[in-house]
Amino acid sequence: MWLDGEDLFSLSEKKRTIFRRRNIGFIFQSFQLIQELDVEQNIMFPLLLDHRRPEPERVEEMLQVLGLMDRRRHLPGQLSGGQQQRTAIGRALITRPMLVLADEPTGNLDSRNSRDVMDLLLKASRRYQQTVLMITHNRNLSSCADRVFQVEDGVLKELGGRRNER
């Protein structure tokens, strides 16, 4: 597997872990937030794992983009599902990875929060020049995607997307 010219399987496990931490952001369906950390700390966590000092301007920008400025000191248990998912998205984006992997990012959300999350992912991918690879069973979300693929019985098939409409 190659990513940005790097053969990931030729790297040692340690180097592959570092590469993944610095270049791939993960958004999970079940948020995976650390319950003892507030919103801001959860967002900064990947940088701290990488022994990097978070830039205050970048953290502020991320909180602003996510619409979480007024919730920055709240713990996950004090947030709505949409706010928790936006926090998880912030955690995935704070390192400005080239690739964001999103596993059913709207699976635990109502339709309004689902639209908000999709709008946020689109905005972030454009703003930070990132590729978002999203896995979902929700066919309505595919209208937002540049390319849409379906896996059925182990076969990958391209279904189209906005890129093909341009």
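The values are calculated or read from the model by the stated rules, or taken from the named source; none is laboratory data. A quick note: this is a predicted structure, and the numbers were derived from the prediction, not measured. Because the Cβ atoms are built from the backbone with ideal geometry, glycine has one as well, and the counts that use them run over all protein chains shown. Please note that ligands, DNA and RNA were not included when accessible areas were found on the heavy atoms of the full protein model with its side chains. Shrake-Rupley method; radii C 1.70, N 1.55, O 1.52, S 1.80 Å.
Okay, here's what the table says:
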| quantity | calculated |
| --- | --- |
| Segment Leu11-Met69, extension gain: residue separation times 0.36 nm, minus the distance between their alpha carbons | 17.0 nm |
| Average accessible area per residue (Å²) across the chain - probe 1.4 Å, nucleic acids and ligands excluded | 60 |
| Residue-by-residue Karplus 3J(HN,Hα) for the stretch 109-125, coefficients 6.51, -1.76, 1.60, Hz, glycine and proline x | 10, 6, 5, 5, 5, 4, 4, 4, 5, 5, 4, 5, 5, 4, 4, 5, 5 |
| Separation in nanometres of the label points that stand 7 Å from Cα toward Cβ, at Arg139 and Glu158 | 2.1 |
| Charge context of Asn138, other residues only, Cβ under 15 angstrom, K/R +1, D/E -1 | -2 |
| Set of aspartates and glutamates near Lys157 by C-alpha distance (under 16 Å), chain-local residues within fewer than 8 positions excluded | Asp146 |
